[in-house]
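> Here it is: the structure, laid out below.
Just so it is clear, none of the values below were taken in a lab; they were calculated from the coordinates. For clarity, every value in this text was computed on a predicted model and none was experimentally measured. Glycine gets a Cβ as well: all are built from the backbone with ideal geometry, and neighbour counts include every protein chain shown.
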Amino acid sequence: MDVVVIGAGQAGLSTAHFLGRAGLDHLVLDAEDGPGGAWRHRWPTLRMATVHAIHDLPGTPFAEPDPDAPANEALPAYFAEFERREGLDVLRPVRVRAVRDHVPGDRRGPLDVETDRGTFTADTLVNATGTWTRPFVPRYPGQELFRGRQLHSSRYPGPGEFAGEHVIVVGGGTSAVQQLLEIAAHGGTTTWVTRREPEFSDEPFGPEIGRAAVARVEERVRRGLPPRSVVSVTGLSLTPAVREGLRTGVLARRPLFARITEDGVVWPDGRSERADAILWATGFRAALDHLAPLRLRAPGGGVVLDGTRVVADPRVHLVGYGPSASTIGASRAGRVAAREIRDLLSARRAA
């Protein structure tokens, strides 16, 4: 076939839409049991009222949801409606194990996508696997000694399980802030720990700020460095809930501790703090391990892109990576990837 798309989140579905419009024969593979991508796994108390703005999938407006609707229900339902309206036949669940040259060393020939459902061969590949399957937890001395519970924010079960407990939340992103506020409001106590001093912004996230954020992330990708998170570029929004958390001290930040003990943490100056749980809201890494046989990574650890196209291998496009790792960026990137793939295949067939 012309294209295999790996992943059926916002990036993969947007790309599939534009591939279809370009007349390209394509197949979408998805590791999930149903529509929704990473939204299927958001914590149960995350409501649409606190979700960042969602950009429409192409041709399917996202109706204003009930603010109290759980995000892990409302957004998968929207994705399912998009798949139905588009007539997309997403093959799922499929686990992709590796992507290789069909003929070893031939970077102009087809690619083999090896999965637990067999091998699929295509002229080009769009990788839209995002980051959700690769939560990142840093290593600290004594981490294995801690007798309480340690979990990544992606596995956060909701605040009820922490009632009456003290939770140390590590990380400076939006998930950390939302989960801190939830736990404190439902009978738990918290300590917020971050590597850098948090930056807050009361500017609305408009087009100008969005373009500036994308440009800074894109610059890192051009240099072959792993992309940074959006919050590291834009800062944390000063919503009414965040202002209240700052006023009450729930969002009083402390610097990183030096080590972890059996029942808590110790700071460099010797001060210690007991904890029942450590919640690692420390982000994710791009899920690209299955592309390792293609040797796409630059010396800096990232993948150098020109738009969505991998500079080291023009058969491969990364959508939802780096500057397109947002709902609006993913939709735009899908259009770019489809156009470039069409042009590449047309030029090769003409030659």
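> Quick one: what Rg and Dmax do you get for the chain from the alpha carbons, in Å?
Rg, Dmax (Cα atoms, Å): 21.5, 70.
> Another question, then. Could you tell me what % of all Cα pairs in segment 1-123 have separations over 21 Å?
Numbers: 3394 of 7503 pairs.
Beyond 21 Å sits 45 percent of the P(r) for segment 1-123.
> If Rh is defined by the Kirkwood formula over all Cα pairs and Rg also comes from Cα, what ratio Rg/Rh do you get for segment 211-313? Please report the intermediate quantities before stating the final value.
Values: Rg = 19.3 Å, Rh = 17.4 Å.
Expressed as Rg/Rh, it is 1.11.
> If you fit an axis through the alpha-carbon atoms of helix 10-21 and take the longest principal axis of the Cα set of the chain, what angle between them do you get, 0 to 90°, nearest 10?
20
> For a distance above 22 Å, tell me the whole-number percent of Cα pairs in segment 267-351 that qualify. Don't jump to the answer; show the numbers that get you there.
Details: 1632 of 3570 pairs.
It works out to 46 percent of all Cα pairs.
> In terms of the Cα gyration tensor, with a ≥ b ≥ c the square roots of its eigenvalues, is segment 1-67 rounded because a/c is under 1.5, prolate because a/b exceeds b/c, or oblate?
Since a/c reaches 1.5 but b/c is at least a/b, the shape of segment 1-67 is classed as oblate.
> Report the label-to-label distance for Phe200 and Arg223 in nanometres (one decimal), using points 7 Å from each Cα along the Cα→Cβ vector.
Label at Phe200, label at Arg223, 3.0 nm between them.
> Another question about this same structure. Sequence-distant or interchain residues sharing an amide H contact under 5 Å with Ala22, placed H: which?
none
> Quick one: angle between helix 174-185 and the longest Cα principal axis of the chain, in degrees between 0 and 90, rounded to 10, please.
Result, in degrees: 40.
> To the nearest 10 degrees, how steeply does helix 327-350 sit against the main Cα axis of the chain, on a 0 to 90 scale?
Around 20 degrees separate the two axes.
> With an 8 Å cut-off on Cα pairs and a minimum separation of 6 or more residues, tell me the relative contact order of segment 3-152 in percent.
Details: 230 pairs, mean separation 41.8, N = 150.
Reported relative contact order: 28 percent.
> Next question, about the same structure. What shape does segment 35-83 take by its C-alpha gyration tensor, where a ≥ b ≥ c are the square roots of the eigenvalues and a/c under 1.5 counts as rounded, a/b above b/c as prolate, and the rest as oblate? Before the final figure, lay out the partial values.
Working: a/c = 2.01, a/b = 1.34, b/c = 1.50.
Oblate is the answer for segment 35-83, as a/c is 1.5 or above yet b/c matches or exceeds a/b.
> Apply the a/c threshold of 1.5 to the C-alpha gyration tensor of segment 115-199 and tell me whether it is rounded, prolate or oblate. Each step should come with its number before you reach the end.
Details: a/c = 2.24, a/b = 2.18, b/c = 1.03.
Verdict is prolate for segment 115-199.
> Defining a contact as two alpha carbons under 8 Å apart and six or more residues distant in sequence, what relative contact order in percent does segment 212-346 show? Let's see the in-between values first.
Details: 130 pairs, mean separation 35.6, N = 135.
Over segment 212-346, the number comes to 26 percent.
> Just want to confirm a number: the relative contact order over segment 147-197, from Cα pairs under 8 angstrom separated by 6+ residues, in percent. Please report the intermediate quantities before stating the final value.
Details: 61 pairs, mean separation 21.4, N = 51.
In percent, rounded to a whole number, it is 42.
> Ok, one more. At 7 Å along Cα-to-Cβ for each site, give me the label-to-label distance between Ala185 and Asp66 in nm.
1.8
> If amide H atoms are built 1.01 Å from N in the plane of the peptide, which residues on other chains or at least 5 residues away come under 5 Å of the amide H of Arg97?
So Arg97 has HN proximity to Glu114, Thr115, Asp116.
> Could you derive backbone 3J(HN,Hα) for segment 138-149 from the dihedral phi with the Karplus parameters 6.51, -1.76 and 1.60 (θ = phi - 60°), listing whole Hz in sequence and x where the residue is Gly or Pro?
x, 9, 9, x, x, 4, 6, 8, 4, 8, x, 9
> Quick query: amide H of Ala277 versus all other amide H atoms, modeled in the peptide plane; which residues come in under 5 Å with a sequence gap of 5 or more or a different chain?
Residues meeting the amide H criterion: Arg149, His166, Ile168.
> Farthest toward the dipole's positive end in segment 1-101, which of Val3, Trp43, Ala98, given Cβ charges of +1 (Lys, Arg) and -1 (Asp, Glu) about the Cα centre?
Highest projection toward the positive end goes to Ala98.
> With +1 on each Lys and Arg Cβ and -1 on each Asp and Glu Cβ, and nothing else charged, work out how big the dipole of the chain is about its Cα centre, in Debye to the nearest 20.
Details: 44 positive and 42 negative charges, 221 e Å.
The dipole magnitude comes to about 1060 debye.
> Cut-off 10 angstrom, C-alpha nodes, Gaussian network model of the chain. Which of Ile54, Ile278, Ile183 fluctuates the most?
Ile54
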